[in-house]
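Have a look at the structure below before the remarks.
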Amino acid sequence: MYNLEDALVVAQWLNVFLRKSQILKIACVAQIVNVISWLHTRTDSLLKHPSYYVFKLVSNHARGEALDVLVKAPRVETKQYDAVSALDVSASYDAGTGKGAVFLVNRSQTDSIMTDLLWQDGNTIQFDEAWQIAGTDPKQVNTWEAAEQLVAKPIKVPAFESGRATVTLPPLSFTTFTTRTGTH
């Protein structure tokens with residue numbers, strides 16, 4: 001059984017893969033169904049673990065080139081690595097379609113983080129859609145009896161003003177925004 005904590009770790013690894021995509025050309029999921037998978041089946045139903053939703057969002061929306069993101073965020077203390085950024089972020093943009101995506105993990109177990117997303121290339125940006133998976137317990141799981149406790153839910157799309165959007169990310173969350181430029 002995979003929990004919220006696993007989903008947030010998957011999200012962070014996918015962010016690393018996207019940020020390093022100039023040298024890392026492919027990454028694969030080895031186990032697709034059952035065994036040690038994000039999908040489990042029975043004769044009468046399908047159970048999707050939280051990591052499935054993270055993978056689905058990134059695999060469906062990361063296109064084009066990885067963007068060089070600058071992250072300024074509060075720090076979170078860890079037992080093994082001292083303080084790390086509370087936000088883990090990656091982004092992509094496809095110049096051919098004018099579409100992009102931003103992927104954000106709030107690593108804090110207790111604090112929401114209000115942050116600004118800034119575009120500095122002069123293009124007019126709009127958010128198209130947004131989804132979020134979040135919970136209050138890192139060990140929370142989807143079960144056969146409660147299969148939709150942790151799913152990616154659509155959230156309100158923030159407005160851009162002068163190339164900036166302010167968003168609040170709940171603790172223990174993964175958020176995806178899709179974007180498009182005003183020229184497409």
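The values are calculated or read from the model by the stated rules, or taken from the named source; none is laboratory data. All values derive from a computational prediction rather than experimental measurement. Note that we place each Cβ from the backbone using ideal geometry, even for glycine, and neighbour counts take in every protein chain shown. We work out accessible area using only protein heavy atoms, side chains counted, and drop any ligands, DNA or RNA first. Shrake-Rupley method; radii C 1.70, N 1.55, O 1.52, S 1.80 Å.
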Exercise. Taking Cα atoms, how many degrees apart are the long axis of helix 4-19 and the longest axis of the chain, rounded to 10 and kept between 0 and 90?
Worked result: 40 degrees
Exercise. Which shape class, rounded, prolate or oblate, goes with the chain when its Cα gyration tensor gives a ≥ b ≥ c as root eigenvalues, a/c under 1.5 marks rounded, and past that a/b bigger than b/c marks prolate?
Worked result: prolate
Seminar exercise, completed: the chain: longest segment with zero exposed GluC sites (Glu not before Pro), where exposed means DSSP loop plus at most 10 other C-beta atoms within 10 Å, is residues 1-144
For this session: Please go through region 1-84 and write out the trypsin sites (Lys or Arg not before Pro) that DSSP classes as loop and that have at most 16 other C-beta atoms within 10 Å.
Result: Lys20, Lys25, Arg63, Lys72, Lys79
Problem set entry | Among Ala30, Ala11, Ala130, residue whose mean-square fluctuation peaks in a GNM of the chain (springs only between Cα atoms under 10 Å) | Ala30
Exercise. Residues with amide H under 5 Å of Gln149's amide H, sequence separation 5 or more or different chain, H placed in the peptide plane at 1.01 Å from N; which?
Worked result: Thr143
Exercise. Taking the chain as a Gaussian network, Cα atoms linked when under 10 Å apart, which of Val105, Val69, Val84 shows the biggest mean-square fluctuation?
Worked result: Val84
Exercise. Lys/Arg Cβ at +1, Asp/Glu Cβ at -1, dipole of the chain taken about the Cα centre: which of Val35, Phe160, Leu118 is farthest positive-ward?
Worked result: Val35
Exercise. How much accessible surface area, in Å² rounded to 10, belongs to the heavy atoms of His61 with a 1.4 Å probe?
Worked result: 50 Å²
Seminar exercise, completed: Length-normalised contact order of the chain, Cα under 8 Å, at least 6 apart, in percent, tallies to 26 percent
